[in-house]
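*Asks:* Have a look at this one.
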Amino acid sequence: MKDPNLLVKPQQNPVYQNFTAQEVGWTHLNFGARLMQKNETWQHDTTEHEMAIVILAGNFKVESDKGNWEVTNGRKDVFSGIAHTLYLPRYTKFTLTATSETLDIAYSWVKTDQDFAPYLKQPQEAAIELRGGDNANRQINSLIQPGFPCHKIVCVEVYTPSGNWSSFPAHKHDERIVDADGKLIEAELEEIYFYKFQSPQAYAIQQVYTYDRSLDEIIRARNNEAVLVPKGYHPVAACHGYHAYYLNFLAGSDQVLTATNDPDHEWIYGTWKTQDPRLPLVTADMNV
């Protein structure tokens, strides 16, 4: 099965990524990214959606009918600190104003029938995990982690050092499976990979495949491009010489990251001998 629509290239206008669940054939995840200049405003109503806004670079202030927030120590870029993440519940009307010379944000909105409190998560609150080992070592920052008081959204940002593999051994989360005791074994989750690199010539290689190979795509992802993962396994390799950043938004049956590993590669767990000395690539202390 050939699916050329897994890669979403950026647009040239300030809203450089924008697609809805309906447009990509999904149920839950909508996604956008925009670049704003100082004092530029964005007025929006979340309507029946909960929303998470992630600062990629810069600072903002937000005034809303649910509260007001301001960020003054946003990072210079994604390789210079950890994100601030603003969670907004459904039926929130807000005005977001860029307070830095430029502001780069990414956001996802998901339909919900539940209400939660808004929250601005600070960089130092984001748990850092160094996952894997050897050249499958990477850093995961939890922004909207499983258990966060929301309905559907999960969000993490991942740093893969030059030449390393990520999201590996490969895993999938495309069907909801529970065991005989009712324990969740795998959730059904849609997922977006949104990429950033320090150099325009940099890229990552991502595979999206099902075990029977009815879906089997290899994608070259560049700066500001998004890869859609509707189903299947989805490992990543960072081009040698360039660190890779990707922001993951997920939503679906459960507010979790519960997944099933590709059985062909599951044996790799526990075989790693070293941790990459380059990790962590970013910490909250780097935020300006």
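*Asks:* Report Rg(Cα)/(2.2 N^0.38 Å) for the chain, keeping two decimals. Numbers along the way, then the final one.
*Replies:* Working: Rg = 18.2 Å, N = 288, 2.2 N^0.38 = 18.9 Å.
Ratio of Cα Rg to 2.2 N^0.38 Å: 0.96.
*Asks:* Something else about it: Counting only other residues whose beta carbon sits under 11 Å from that of Lys196, what net charge do I get with K and R as +1, D and E as -1? Show your work: numbers first, answer last.
*Replies:* Values: positive: Arg222; negative: Asp77, Asp104, Glu157, Glu225.
Summing Lys/Arg as +1 and Asp/Glu as -1 gives -3.
*Asks:* What percentage of the solvent-accessible surface of the chain, computed with a 1.4 Å probe over protein heavy atoms, is contributed by carbon and sulfur atoms?
*Replies:* Ligands and nucleic acids excluded, carbon and sulfur give 48 percent.
*Asks:* Could you compute the net charge surrounding Gln124? Neighbours are other residues with a C-beta less than 14 Å from the C-beta of Gln124; K and R count +1, D and E count -1.
*Replies:* 0
*Asks:* Note down the net charge around Ile144, summing +1 for each Lys or Arg and -1 for each Asp or Glu among other residues with Cβ under 14 Å from its Cβ.
*Replies:* Counting the neighbours of Ile144, the net charge comes to -3.
*Asks:* Using +1 on the beta carbon of Lys and Arg, -1 on that of Asp and Glu, and nothing else charged, what's the dipole of the chain about the Cα centre, debye to 20? Walk me through the intermediate numbers first.
*Replies:* Working: 25 positive and 36 negative charges, 166 e Å.
Value, rounded to 20: 800 debye.
*Asks:* Right, next: Too long at a 30 Å Cα-Cα cut-off: which of Lys93/Lys152; Lys61/Lys183; Lys111/Lys183? Don't skip to the end; give the middle numbers.
*Replies:* Details: Lys93/Lys152 20 Å; Lys61/Lys183 41 Å; Lys111/Lys183 26 Å.
Pairs exceeding 30 Å: Lys61/Lys183.
*Asks:* Using a 1.4 angstrom probe on the protein heavy atoms only, could you order Asp264, Asp285 from most to least accessible area? List each step's numbers first, then the result.
*Replies:* Numbers: Asp264 80, Asp285 145 Å².
Solvent-accessible surface, decreasing: Asp285, Asp264.
*Asks:* Taking the highest mean first, how do the peptides 37-44, 248-255 order by number of other beta carbon atoms within 10 angstrom per residue?
*Replies:* Numbers: 37-44: 13.5, 248-255: 22.2.
Final packing ranking: 248-255, 37-44.
*Asks:* Give the Debye-formula value of log10 I(q)/I(0) at each listed q (0.21, 0.25 Å⁻¹), with one equal scatterer per alpha carbon of region 221-288, two decimals each.
*Replies:* The calculated log intensity ratios at q = 0.21, 0.25 Å⁻¹ are -1.39, -1.32.
*Asks:* Additional query: For region 70-211, with every protein chain kept in place, what is the accessible area per residue (1.4 Å probe, Å²)? Can you show the working numbers first?
*Replies:* Details: 5300 Å² over 142 residues.
Accessible area per residue, region 70-211: 37 Å².
*Asks:* For every helix of n ≥ 4 consecutive DSSP H residues, a contribution of -39,500 (n - 2.57) applies; sum these over the chain, divide by its total residues, and give [θ] at 222 nm rounded to the nearest 500 deg cm²/dmol.
*Replies:* Working: 1 runs with 4 residues, N = 288.
About 0 deg cm²/dmol.
*Asks:* Subtracting the Cα-Cα distance from 0.36 nm times the residue separation, let me have the gained length for Glu48 to His265 in nm, one decimal. Walk me through the numbers before you get to the answer.
*Replies:* Working: separation 217, 0.36 × 217 = 78.12 nm, distance 4.06 nm.
Working it through step by step, the gained length comes to 74.1 nm.
*Asks:* When a/c reaches 1.5 or more, the comparison of a/b and b/c decides; with that in mind, is region 1-70 rounded, prolate or oblate per its Cα gyration tensor? If you can, show how the numbers build up before the last one.
*Replies:* On the way: a/c = 2.91, a/b = 1.59, b/c = 1.83.
Oblate shape, in that a/c is at least 1.5 and b/c is the bigger or equal ratio.
*Asks:* How much length would be gained if the chain were fully extended between Glu188 and Asn18, taking 0.36 nm per residue of separation minus their Cα-Cα distance, in nm to one decimal?
*Replies:* Details: separation 170, 0.36 × 170 = 61.20 nm, distance 2.30 nm.
Full-extension gain reported as 58.9 nm.
*Asks:* Provide the three semi-axes, in whole Å and in decreasing order, of the ellipsoid equivalent to region 109-185 as defined by the square roots of 5 times the Cα gyration tensor eigenvalues. Show your work: numbers first, answer last.
*Replies:* Numbers: eigenvalues 134, 87, 23 Å².
Sorted largest first and rounded, they come to 26, 21, 11 Å.
*Asks:* Calculate, in nm to one decimal, what Asp181 and Thr274 gain on full extension: separation in residues at 0.36 nm each, minus their alpha carbon distance. Mind showing how you got there, number by number?
*Replies:* Working: separation 93, 0.36 × 93 = 33.48 nm, distance 3.66 nm.
Stretched out fully, the Asp181 to Thr274 stretch lengthens by 29.8 nm.
The values are calculated or read from the model by the stated rules, or taken from the named source; none is laboratory data. Just so you know, these numbers come straight off a predicted model, no measurement behind them. With ideal geometry, Cβ positions are generated from the backbone for all residues, glycine too; neighbour counts draw on all protein chains shown. Each accessible area value is taken on the protein alone, full model and side chains, heavy atoms only, with ligands, DNA and RNA left out. Shrake-Rupley method; radii C 1.70, N 1.55, O 1.52, S 1.80 Å.
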